Amino acid sequence: MVIIETKNLSYTYPGGTKPSLNDVSIKIKAGEFALITGSSGSRKTTICRCFNGLIPHFYKGELEGEIRVADKDTTKHPTFEMAKEVGLVFQNPENQLFALSIEKDVAFGLENLGVPREKMRQRVDWALKLAGIYDLRERSPHEISGGQQQRVAIAAVLAMQPKIIVLDEPTSFLDPLSAKKIFEVIHDLNRKLGITVVLVEHRLDLTAKYADHIIIMDKGRVCQDGNPRTILGAESTRLIGVGIPKATLLFQMLAKDGLKLGSVVPLSSDEIAQSLLEAIKPHD
Amino acid sequence: MIEVQDVGFTYPSGVEALRGVAFTVNNGEFIAIMGQNGAGKTTLVKHFNGLLKPSIGRVLVDGIETKKTSVASLAKKVGFVFQNPDHQLFSETVEEEIAFALKNFGFEEETIKKRVTWALSFLELKKYRKTSPFMLSGGERKRVALASVLAWNPEILILDEPTIGQDYKQKEKLRQFILQMQTQEKTIVIVTHDVEFVAECNPRVLLMTEGRIVADGQGKNILANPEVLAKSSVVPPQVVQIFSRLNELELPKNVIDLYEAKDLLLKKLEKRLR
Amino acid sequence: MSVFDGLKYRKVSSPIHDLDPRIKFFYVCAIFVGAILFWTILPLLILFAIQIPFVLLAGVKREWLRSLRGTIFLAAIIFLTNLIVRYFASGGALLVTDLEFAAAMTLRFIVLVGSFSVFFLTTSPDHLGLALERTRMPYEFSFAFTTAVRFVPVLAEEAQTIMDAQKARGLELEKGNFLKRIRNYIPVLVPLIVSAIRRSLELAEAMESRAWGATKKRTNLYILRLKQGDFILFVITIVILMVTVYVRIYIDVPGLSQFLSGVS
C-alpha cells in the first residue's frame, strides 16, 4: 500500500522566482524505511514540509501537482489534522521543545488534540519508554544533552501515534555516538511498530544499512529513486556528489581492480567484512 | 606556537571543564581536537585567543601569556571561526562583513580593500561582494564567516566544528582548503567529532574526555585504536571497523585511509586467492 | 545578574514547593499590601521576619540571600535619594526621623524583593503557567510565558557565544566614549535578533506540526489541586492581612526613635 504519493509536484516559496520543487513524483509504501538524500540546496527540507501540509498551509506559496499522504490530500486538510498521521522531527533539537519539563513536552501534541488526562499519561509514558528517556521525564530541556533532546522530539511526535514519522537531518548537530543511538531508535520504531519512516540525511555511512528505499534529490528534482544497493552501487550516483558509505566505495574500488566480492552491494562495514571473509573461505 | 601548561578551567557555575591539560601546538601543525560533546573541546580552544583565561596553569601564544594581554591583540595572531556563521554575520554586505575585523585591527584603508578582495576571491565569493550575507545559503554563509577571519591573515586558524551540516562536496572543499593552508605553513586547529573527516585528513589528534586529554598522536595511530576511542565515546572510522572484523587476514592495525585499505586488501587477497 | 539569580527556579521538593502557586501568590500579595501600608520601620521589620521561616522551610536560604545581596545597589540608591530629598525638604537639617524614614523605605523595597524572590524560587514556571491558565486567561498567554522562561537560558548562552565570536574578530566592547560603546553592541545585537527571529519561525513550524490549535478544548497533563498545606497557608495569609489592616487603622505605630525613647 502506498502511503505517501506525489505526482508532478512543483512548489515555489512566496516571493521566489524559481520553483524549489520541480516535478517531483515519488511513492513511499506503508512500513518502509525511506531515505531521502542529496547535497545542500537539493530541497530535501522543502519536500518534508509538504508531507504534513506545512506547505502550503503555513508557508503559503504556489503548489502544483498532486500530493496524498495517508489517504489525505494535504492541501485540503490543515496541518493539525495531518499531525495525527505524520510526525515531523526537525534538525535543531533545541527549537522544537517548548515546555519546561520533558514529559510536558511529549504531552504537548496530545494536549492540543484534547486527549483526556488519563489516556494522555499512558501515551506519554509509552512514548518516553520507546525513546529510552523515561528516566529523564521530569528534567528540564536544558539539563539534557542534544542527543537526548532529539529523542524527546521523537517521543513527542510518537505520542500522537502517527502512521509516518518524517525526520529532517535529525542528527546533524549530534556527535556520532548520539547519532547512532537516534538511528537505532528510529530503526526499532520502523521494525517493531511498523511505522513508516522517512529519513532525510546525508550521513549515509550510518544510515544506508537501514533503508529499504532511497531517493536522491538534486536542485529540487528527484534524480535517483529505488533500491539502496542498486543506487548506491552505481557509478553514476558517486558523480552526483552524494556521500556514499565507505564500505560501498571500498567494494567498488576493489571491483575496479578486478576483485569482485559477489553480487550484493554492501552498505555497512559489517556487510563488506562478511563478503571479504567469504571470498577467502573456499581457498583455505 | 601555543604552549598549554597544566591548564585547569572551572566555569563560574562551578563546572570543572578542563583538568591538567598540557601540550604544545607547533608552528605549521594541523591538529584535530576530538571527543564527545561536553568533553571540553571548545572550552580548550577558547583559551588559545584569550576568550577564556585558565583558572590554573598558563597558556602562552608565541611566548606571550594570555592572561597578560587582551583578546583583541591575541585575535590578530589567532583567528577563530565559530561553528555557526549566524553568530557573527551582521553587516549589510558581504564586503563590509569581511572588512569588519580589519577595521577593528586598525589596518589602512588601502590594505583593507586589498585584503577584502583577496579573501573574496580566495573563497569564491566575488559575485556576492555587494549581497547581504543573510541572503546567502548556509554553506555560503559559512564561507563568508571563514573569509572574514582569513582576511587579516592570522598565523593560527581555529575552526570549531567546520563540517557540521556540510554535505560531501562541501567537506571535500574544506579539506582542500586546509591542505592549501598547510602549504602556506599556517597552524590549523579544528574541533570536531566528524571521525570520517579526520580519517581522510590524518592530522595529529588530541582526544579529550571529561576535560582531560586521554590520547595525543598521529590520527592513524589514535583512530585505529578502538580501546582508546571507546573510552571517549568516539565511534571508529569505517575503515577501522572493517579491518577490525578481518583479524584472520593479519592486516596492519593502523590503517584509516580508504585507498591504503584497498591496496592492502588487494595484496592480501591476491595471495590468498591464488 | 544576581537579582535574577534569585528568581531562578531549581527543581527540589519541599512543603513550600508543593503549595499551589495561586495561594502562594495570594500570600506574596498580602505581604506586598502590608509593606505598602506602613511607613515606619517596626512593622516592616516584622513583615521581613515573617518570611524567614518560609524561606527556611523551602530550603532556599542560599539563593534567597543571594537575591537580597543583589538588591544592595538599588537599596543604597533608595536610601540615599530619600535622605537627600528629606534633607532639602527640611531646609538643610537632618533629623533622626529622616534617617529612620529612609531606612524604612529601603526596608520596604527589600521586603518586596524578598517576598517575590521566595515565590519564584519555590514555584515551577510550569505550575505558574498552569495557574495562569486557570485564571481563564487565554492559553496563548500562559504558553508564551512558559516558552519565554524556557528560552531565557538559551538566549543568554547565545548572546555569550555571539559576543565571543565578535571579540575574536577584534571587537572591543568597552572601548571608546559612551556613544561609541553603545554602537559597539550592534555587531552583537543584530545576530542575536536575526537568530531569535529564525528561532521563532522554527518554533512555530514545530508547534504547527504538533497539532497546535486543533481544538478549543485543550487538555493538560498536569492538574492543580488544593491540598491541606494550601488551606493552612490561606488561613495564615488572611490572618496576616487582617492584622496588618487592623494595626494600620487602629494603632498608631511608634517610630523607632519614639519607641526607644519610650523604653528608656
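Over 20 Å apart: what share of the alpha carbon pairs of region C:24-105 falls there, rounded to a whole percent?
46 percent
Probe 1.4 Å, all protein chains in place: accessible area of C:HIS127 in Å², nearest 10?
70 Å²
Can you pull out the GluC sites (Glu not before Pro) in region B:203-270 that DSSP calls coil and that have at most 11 other Cβ atoms within 10 Å?
B:GLU250
Give the accessible surface of region A:55-146 per residue, rounded to a whole number of Å², with probe radius 1.4 Å and ligands, DNA and RNA excluded. Provide the component values of the computation, followed by the final result.
Values: 3930 Å² over 92 residues.
Heavy-atom SASA per residue in region A:55-146 reads 43 Å².
Once you've got the GNM for chain C with C-alpha springs shorter than 10 Å, pick whichever of C:ALA35, C:ALA211, C:ALA58 has the biggest mean-square fluctuation.
Most flexible of the set in this elastic network: C:ALA211.
Count, for each residue of B:183-194, the Cβ atoms from other chains sitting within 10 Å of its Cβ, then give me the mean as a whole number.
Taking the mean over all residues of the peptide, I get 1.
Which percent of the accessible area of region A:245-284 is formed by carbon and sulfur heavy atoms (probe 1.4 angstrom)? Numbers along the way, then the final one.
Details: 990 of 1810 Å².
Of the solvent-accessible surface of region A:245-284, carbon and sulfur hold 55 percent.
Quick one: net charge of C:PRO53's neighbours, Cβ under 15 Å, K/R +1, D/E -1?
Local charge sum for C:PRO53: +2.
Given a 10 angstrom Cα cut-off, can you work out which residue in B:ASN37, B:ASN247, B:ASN26 is the most mobile in a GNM of chain B?
B:ASN247
For the cross-link pairs B:LYS186/C:LYS175; B:LYS53/B:LYS130; A:LYS181/B:LYS53; A:LYS129/A:LYS180; B:LYS76/B:LYS126; A:LYS181/C:LYS216, which exceed 28 Å when the distance is taken from alpha carbon to alpha carbon? Intermediate results must be reported in sequence, preceding the final value.
On the way: B:LYS186/C:LYS175 31 Å; B:LYS53/B:LYS130 38 Å; A:LYS181/B:LYS53 35 Å; A:LYS129/A:LYS180 18 Å; B:LYS76/B:LYS126 24 Å; A:LYS181/C:LYS216 37 Å.
From the list (B:LYS186/C:LYS175; B:LYS53/B:LYS130; A:LYS181/B:LYS53; A:LYS129/A:LYS180; B:LYS76/B:LYS126; A:LYS181/C:LYS216), the Cα-Cα distance tops 28 Å for B:LYS186/C:LYS175; B:LYS53/B:LYS130; A:LYS181/B:LYS53; A:LYS181/C:LYS216.
Name the residues whose placed amide hydrogens come within less than 5 Å of the amide hydrogen of A:LEU167, ignoring near sequence neighbours (fewer than 5 apart) on the same chain.
Residues meeting the amide H criterion: A:VAL89, A:VAL198, A:LEU199, A:VAL200.
Residues of region C:138-225: accessible area per residue at 1.4 Å, in Å²? Write out the running numbers ahead of the final one.
Details: 4620 Å² over 88 residues.
Ligands and nucleic acids excluded, the result is 53 Å² per residue.
First compute the accessible area of region A:76-143 with a 1.4 Å probe, then give the percent of it belonging to carbon and sulfur atoms. Mind dumping the intermediate values first?
On the way: 1220 of 2650 Å².
Ligands and nucleic acids excluded, carbon and sulfur give 46 percent.
Applying the Karplus parametrisation 6.51 cos²θ - 1.76 cosθ + 1.60 with θ = phi - 60° to the phi angles of region A:219-232, what ³J(HN,Hα) value in whole Hz is obtained for each residue in order, glycine and proline being reported as x?
6, x, 10, 8, 10, 8, 7, x, 6, x, 5, 5, 6, 6
So if I take the centroid of the Cα atoms in region B:161-230 and the same for region B:79-143, what is the distance between those two points in Å?
Cα centroid of region B:161-230 versus Cα centroid of region B:79-143: 25 Å apart.
Ignoring ligands, DNA and RNA, please state the percent of accessible area on chain C from carbon and sulfur, probe 1.4 Å.
On the way: 10450 of 14620 Å².
In chain C, the share of accessible area belonging to carbon and sulfur is 71 percent.
What list of ³J(HN,Hα) values in whole Hz, one per residue of region B:137-144 in order, does the Karplus curve 6.51 cos²θ - 1.76 cosθ + 1.60 (θ = phi - 60°) give from phi, with Gly and Pro shown as x?
6, x, x, 5, 4, 4, 5, 4
For every helix of n ≥ 4 consecutive DSSP H residues, a contribution of -39,500 (n - 2.57) applies; sum these over chain C, divide by its total residues, and give [θ] at 222 nm rounded to the nearest 500 deg cm²/dmol.
The helix-only estimate for chain C comes to -24500 deg cm²/dmol at 222 nm.
Need one value for B:79-86: mean number of C-beta atoms belonging to other chains within 10 Å of its residues' C-beta atoms.
5
Tell me the mean residue ellipticity at 222 nm calculated for chain B from its helices only (DSSP H runs of n ≥ 4, each -39500 (n - 2.57), averaged over every residue, nearest 500).
Calculated mean residue ellipticity at 222 nm is -11000 deg cm²/dmol.
Which whole-angstrom value gives the distance between the alpha carbon centres of region A:103-178 and region B:1-61?
Their Cα centres are 35 Å away from one another.
If I take all pairs of Cα atoms in region C:121-264, what percentage of them are more than 20 Å from each other?
Tail of the P(r) past 20 Å holds 72 percent of the pairs.
Cα-based Rg (one decimal) and Dmax (whole number) for chain C, in Å?
Reported Rg and Dmax, both Å: 23.5, 74.
To the nearest 100 Å², how much accessible surface do chains C and A hide from each other in total, with a 1.4 Å probe?
3500 Å²
Please compute, over every Cα-Cα pair in chain A, the percentage with a separation greater than 28 angstrom.
Cα-Cα pairs of chain A separated by over 28 Å account for 40 percent.
Given C-alpha coordinates of region A:97-159, what is the ratio Rg to Rh with the Kirkwood estimate of Rh?
Values: Rg = 10.4 Å, Rh = 11.1 Å.
Rg/Rh for region A:97-159 comes to 0.93.
With an 8 Å cut-off on Cα pairs and a minimum separation of 6 or more residues, tell me the relative contact order of chain B in percent.
Relative contact order, chain B: 22 percent.
Taking the full set of protein chains and a 1.4 angstrom probe, give the accessible area of A:ASP225 in square angstrom, rounded to the nearest 10.
Estimated to the nearest 10 Å², A:ASP225 gives 70 Å².
State whether region B:10-66 is rounded, prolate or oblate according to the following rule on the C-alpha gyration tensor (a ≥ b ≥ c being the square roots of its eigenvalues): a/c under 1.5 gives rounded; otherwise a/b larger than b/c gives prolate, and the remaining case gives oblate. Please report the intermediate quantities before stating the final value.
Working: a/c = 2.17, a/b = 1.26, b/c = 1.72.
Judged from the Cα gyration tensor, region B:10-66 comes out oblate (a/c at least 1.5, b/c at or above a/b).
Quote the total accessible area buried by chains B and C together, excluding ligands, DNA and RNA, probe 1.4 Å, nearest 100 Å².
It comes to approximately 1800 Å² buried between B and C.
With the cut-off at 1.5 for a/c, could you classify chain B from its C-alpha gyration tensor as rounded, prolate or oblate?
oblate
Can you tell me, using C-alpha contacts under 8 Å and at least 6 residues apart, the relative contact order of chain C as a whole percent?
33 percent
Considering chain B as a Gaussian network with a 10 Å cut-off on Cα pairs, which listed residue, B:GLY28, B:GLY63, B:GLY217, attains the greatest mean-square fluctuation?
Residue with maximal mean-square fluctuation among B:GLY28, B:GLY63, B:GLY217: B:GLY63.
Which value, in debye to the nearest 20, gives the size of the charge dipole of the protein assembly as shown about its Cα centre, when Lys and Arg are +1 and Asp and Glu are -1 at the Cβ?
In debye, rounded to 20, the protein assembly as shown gives about 580.
Kirkwood Rh over Cα pairs of the protein assembly as shown into Stokes-Einstein at 37 °C, 0.692 mPa s: D in µm²/s? Provide the component values of the computation, followed by the final result.
On the way: Rh = 30.4 Å.
Stokes-Einstein gives a translational diffusion coefficient of 108 µm²/s.
Per-residue accessible area for C:SER13 at 1.4 Å probe radius, Å² rounded to 10?
Surface open to solvent at C:SER13 totals about 100 Å².
Taking only the C-alpha atoms, wrap a convex hull around region A:245-284 and report its volume per residue in Å³ as a whole number.
Hull volume over Cα atoms, normalised by residue count, gives 59 Å³.
How far is helix B:258-273 tilted, in degrees, relative to the longest principal axis of the Cα atoms in chain B, given as a value from 0 to 90 rounded to the nearest 10?
10 degrees
Over chain A, what is the mean sequence separation of C-alpha contacts under 8 Å (at least six apart), divided by residue count, expressed as relative contact order in percent?
Over chain A, the number comes to 22 percent.
Per residue, how much accessible surface does region B:115-274 expose to a 1.4 Å probe? Answer in Å², no decimals.
Details: 7010 Å² over 160 residues.
Here the residues of region B:115-274 average 44 Å² of exposed surface.
Using the scaling law 2.2 N^0.38 Å as the reference, what is the normalised Cα Rg of region B:191-274?
Here the Cα radius of gyration is 1.17 times the empirical estimate.
Return the average number of partner chain Cβ atoms within 10 angstrom of each residue Cβ along peptide B:234-240. Mind dumping the intermediate values first?
On the way: counts 3, 7, 2, 4, 11, 5, 1.
Mean partner shielding for this stretch: 5.
Starting from the Kirkwood radius over alpha-carbon pairs of region B:1-136, derive D by Stokes-Einstein at 37 °C in a medium of 0.692 mPa s and give it in µm² s⁻¹.
Working: Rh = 17.0 Å.
Result for D is 193 µm²/s.
How would B:ARG175, C:ARG225, A:ARG43 line up by accessible area, probe 1.4 Å, largest first?
Solvent-accessible surface, decreasing: C:ARG225, A:ARG43, B:ARG175.
Got a sec? What order do C:GLU172, C:GLU205 fall in by accessible area at 1.4 Å, biggest, i.e. largest, first?
These residues rank, largest area first, as C:GLU172, C:GLU205.
Report, in degrees rounded to the nearest 10, the 0 to 90 angle that the Cα long axis of helix C:125-134 makes with the longest principal axis of chain C.
80 degrees
May I ask you to rank C:ARG108, B:ARG115 by accessible area, largest first, using a 1.4 Å probe over the protein chains only?
Ranked from most to least accessible, the order is B:ARG115, C:ARG108.
Give me the residues in region A:28-59 whose solvent-accessible area, probe 1.4 Å, is reduced by at least 40 Å² once all protein chains are included instead of the chain isolated.
Those are A:SER40, A:PHE58, which lose 40 Å² or more relative to the chain on its own.
The values are calculated or read from the model by the stated rules, or taken from the named source; none is laboratory data. Bear in mind that the values here come from a model prediction, so they are computed numbers and not experimental data. Cβ: placed from backbone, ideal geometry, glycine included. Neighbour counts: every protein chain shown. Accessible surface is based on the protein model in full, side chains and every heavy atom, while ligands, DNA and RNA are left aside. Shrake-Rupley method; radii C 1.70, N 1.55, O 1.52, S 1.80 Å.
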